[in-house]
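Contents: one structure, followed by commentary.
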Amino acid sequence: MIFAADDAAGHGPRPTALFGAAAGAAAANSWTSVNGWSAARVYTNVAEEYEAAHTGVAIVDAGPIVRYTARGRQAAELLARAATAPAAALEPGESARGLLLDQAGNVVDLVETARIASDLFLLSCSKSHARRLQLAARGLDAVIEDITGHVAALALLGPKARDAAAAAGLDVTNEALAVQTRVRGVETSARPLSFGALQGVEVILPFEEALTLWERLRRAARPKPLGLDALDVIRIEGGVPRIGVDFIGADDARREEDKRTPAALGLAHLAPPTRAWFNGRRGLRSQLAPSRRLTVLAIDAARVAPGAAVFGLKGEIGRLTSAAFSPHLKRMAAFAEIATGTEKVEVALLDGGRAAAEPLETAEGRRAEAFRASDGRATESRF
Amino acid sequence: MADDHKPHLKPGGRIEGGIDAVVVGATVDGIAAAALLGKAGLRTVLLGAGGATTEDEPREFWGGYFCADGEHLVDGLDPETIATLDLYRHGLEFARRRLDSVYFFADGGALLMDGDLYRTRESVVAMAEHDGARFADFLESVLDASRALRPFFEGGPLPPLQQSLSTAAERFLSASVAEILDGAFDDPHLKDLLMAEALFRNSQRPHEPFGFVSLLRRWAGETAGLQGAVAYPKNGALGVRRALRRAAQAARVDLRPATGISRVLVEWDKAAGVEMSDGGQIRAPVVINASPAQRAFMDCIGAEHLDIEFQTAIPTARPQFSSARVHFALSGEPGDERTLANMARRLVYAPSLHEHARAFGAARRGGVEPPLIMEAIFPSVFDPGVAPKRCHVVSAILHPVAYRDKPDDEFRDRIEAAARATFERMAPGSEERIVAVDIRLAGDARDGDAVRNLAAPANALDQWARARTLSLSSGIGGYFFCGPEAQIGTGFNGAAGRRAALAAIRYVKKRARA
């Protein structure tokens, strides 16, 4: 569940299914547009929202995430082809993370594939990839459909997420599988979710019923609404890069040198070249090891700006791509694209000084490390 | 282990080993590629499309009248393929090495042009004295640009051009036919003549950009050592195919034209051979496929093994325009003296701009509106055996007609009427001597069929980009493509087959070193 970067020139975004409820909870009234849908940056206070997600339960309006269904006899082949997630190996109810890659093995987007039934899959993407997916379906007995505007999606994050979902009547007894259930006559699908280091539940339901479920959850567990700014802190701590912010998707990059491989983003474990064929696998095999890698830094400062220079022993070695103050670390956490193998670094501050920084161990980083240590065999990406 | 890494074995199927390369598709490019591989010392098997093949034999379309499908003239058979395979030694012979052309115009006028384009100035001066020098300059500039761009039209990268040439070449590559010819000459016949040559078998209409490049491509070709010339091979199209086949046999290629394949075996992202329709397999590290791209990639390899970006190069859109292949059986000699005197030449009906607009408009709407561009020859003059004594066969290509997947009888009747009407403009009084008409359309094509090339391709630049992608970027090691989409322009060429064979030989050498 990664939100794409805010729309650069977005005006008049469409309201998501949960906009009515979100607007009522957004005391800060700070809004932006993601994929043309309205999204709250802050509801009340970033620190409070962050705290709720780590100690209790937080609710996220996941309407701006782009959703596709793939149906048909060869729906598994279609998704196994389009994304690196092992769609064909998933049992009904299982979900897996993966990447969309271009022919040369560069990252187009981060995606999640969920098998709803034997011939029905749900694909969640940060951005729209209609043309790419339609092309992927060519020659296969499968139909891909964009359902983003037809469904509502919300995510519950935090240690009490499952309890909150259960209190609202959702069936979350199975910790590994998605479950279809009816809540007071409303068809819902709840599936386990992982966001950075946090676990949770994602619920998909009909567009018209969204406010009813939000209200049921609010009355049952009082989850704290979580805005994009708090989500940004959590994702940076978790080591999950954001498309359009930390890297440019290969389909949007205008120059070859702007494209990034999974290894350059620290996501090589999501695209193991030993997995059954997927788009870009051949290209991936011929890619050289990246000279720069996206790394999460913990910076001894209260404020740094994205774009700030990062210095190593021999001078500038890269730049910050995104940064947020981490209430947990009590200092700044930031993604930086820096030369590989760098340990001690400094980051330029707004006042002209420099602050010491060090690589931060993240949940995503641990998975990548396990993948490297196993020589490319530890490829578990299921939730 | 993933599915695509498992050897695809079918119980009961015969597995053949000890073979270095398999070529699929007995087209001109396919046979050329197989012969070149055989000549390089690779044990090569050439497979056809399956079923009986009749393309190497003349077809009797009316009692005692014979014709050959596909191309009837050669305007650019790859000189390197001819030289490497020594095709002259294997029976390639031209009945006319340099066919003069006679152009017939809408106002009833006609112009005889020398088969050597460099010597046409005299013909032009005879018709329009004041345009002679301008025409010579124009021709020289187009021929220079064509020659310089020849590697590009063979599917290679754009060659570096001299400054003086690059400006003209840039204009020729991007402009419409009308844009180039407007104001170039005073004489309308000259414009009509060049427009007919440029629009013939082209999908670009007179005012559409990237239209003129088609003429550039045609004149880049070399026939019997002469740039832009048109030749009639002995036995027509069959003569070229037979020579290639003999070259392949001499190179010890195992020819199996009646054997079709069901798919190409891919293991670990590399070609591993082919599976045949009967379930048997031929294991080989190199496979060259000369089938149309849709079959070569989507059917033989499967979408699940292809990169999505690569797949965009495989054409899906139906062509809008095509040409019609027409044969007339004449019960005697043409009725008029002018045609009678030019029967050993290439006859071209060059419509006026207005007629072009009507014909292309009608074709776009799915119909046919005569007169059309017609290129006709009398094969019976060069090879009397194809028609009864004192009778003749006219072999013609008519352009443009609408492309139809399944042409019905009514559509054929309209094409026949258009063909008769256009031929009547070239040879008045001949229509009453036509005893039979044979029509083959692009929609009649089977896999690897010669008439497939009748569909008018996209403009040459699009074709070049598509050909480059399809030939170079499938990503499957040891799998090479030389189907119709690998060729730029229409007609016999063989360069795509040569390029595929050379790439395959480089691959084999690299593999041996590793």
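Structure data summary
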| quantity | calculated |
| --- | --- |
| Any strands (runs of 3 or more DSSP E) falling wholly within region A:103-194 and containing at least 2 residues that are within 14 Å of chain B (Cβ to nearest Cβ) and either within 18 Å of the chain's Cα centre (by Cα) or surrounded by 20 or more Cβ atoms within 10 Å (Cβ to Cβ) (or both) | A:107-117 |
| Selection from region B:307-318 of residues that are in a loop (DSSP other than H, G, I, E, B), under 25 Å from A:VAL107 (Cβ atoms) and within 8 Å of chain A (Cβ to nearest Cβ) | B:ASP307, B:THR312 |
| Selection count, region A:272-293, where residues are within 21 Å of A:ALA89 (Cα to Cα) and more than 14 Å from chain B (Cβ to nearest Cβ) | 0 |
| A:ALA168 being in contact with a helix residue (DSSP H, G or I) (Cβ under 7 Å, 6 or more places away or on another chain), among the hydrophobic types (A, V, I, L, M, F, W, C) and free of Cβ contacts under 8 Å to residues at least 40 places away in the same chain | no |
| Boolean, B:MET298 is without any contact (Cβ under 8 Å) to a residue 60 or more places away in the chain, in a helix (DSSP H, G or I) and either within 14 Å of another protein chain (Cβ to nearest Cβ) or within 29 Å of B:LEU454 (Cα to Cα) (or both) | yes |
| Filter pass, B:GLY367 being surrounded by fewer than 24 Cβ atoms within 10 Å (Cβ to Cβ), of a type in the set (Gly, Ala, Ser) and modelled with pLDDT under 90 | yes |
| Residue match in region B:241-249 (condition: in the same structural domain as B:THR44 (by TED's automatic domain parsing), assigned to a strand (DSSP E or B) and over 16 Å from B:ASP299 (Cα atoms)) | no |
| Restricting region A:238-270 to residues that are within 14 Å of chain B (Cβ to nearest Cβ) and of a type in the set (A, V, I, L, M, F, W, C), the residue that is nearest to the chain's Cα centre (by Cα) | A:ALA250 |
| Count of region B:138-167 residues which are outside any loop (DSSP other than H, G, I, E, B), surrounded by fewer than 16 Cβ atoms within 10 Å (Cβ to Cβ) and among the small types (Gly, Ala, Ser) | 2 |
| Residue check, B:ARG325 at pLDDT below 95 and either within 14 Å of chain A (Cβ to nearest Cβ) or assigned to a loop (DSSP other than H, G, I, E, B) (or both) | no |
| Residue in region A:30-50 that is of a type in the set (S, T, N, Q) and crowded, with 24+ Cβ neighbours inside 10 Å present | no |
| The one condition in (1) free of Cβ contacts under 8 Å to residues at least 60 places away in the same chain; (2) farther than 29 Å from B:LEU112 by Cβ; (3) charged (D, E, K, R); (4) touching an Asp or Glu at 6+ places or on another chain (Cβ under 8 Å) that B:ARG440 fails to fulfil | (1) |
| Single residue of region B:13-44 satisfying the filter (among the β-branched types (Val, Ile, Thr) and surrounded by fewer than 24 Cβ atoms within 10 Å (Cβ to Cβ)) that is farthest from B:GLY70 (Cα to Cα) | B:ILE15 |
| B:GLU431, sole failed condition from (1) of a type outside the set (A, V, I, L, M, F, W, C); (2) surrounded by fewer than 17 Cβ atoms within 10 Å (Cβ to Cβ); (3) in the same structural domain as B:LEU306 (by TED's automatic domain parsing); (4) modelled with pLDDT under 90 | (3) |
| Subset of region A:230-275 (residues that are surrounded by fewer than 21 Cβ atoms within 10 Å (Cβ to Cβ) and touching a Pro at 6+ places or on another chain (Cβ under 7 Å)) | A:ARG275 |
| Selected residue (only one of B:PHE210, B:PHE172, B:PHE135 is of a type in the set (Phe, Trp, Tyr) and crowded, with 20+ Cβ neighbours inside 10 Å) | B:PHE135 |
| Qualifying residue in region B:470-479 (condition: surrounded by fewer than 20 Cβ atoms within 10 Å (Cβ to Cβ) and within 23 Å of B:LEU199 (Cβ to Cβ)) | no |
| Qualifying residue in region B:458-476 (condition: assigned to a strand (DSSP E or B), more than 14 Å from chain A (Cβ to nearest Cβ) and over 25 Å from B:ALA271 (Cβ atoms)) | no |
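The values are calculated or read from the model by the stated rules, or taken from the named source; none is laboratory data. The structure presented is a predicted model; accordingly, all values stated were derived computationally and were not measured. Here Cβ is always computed from backbone atoms with ideal geometry, including for glycine, and neighbour counts include all displayed protein chains.
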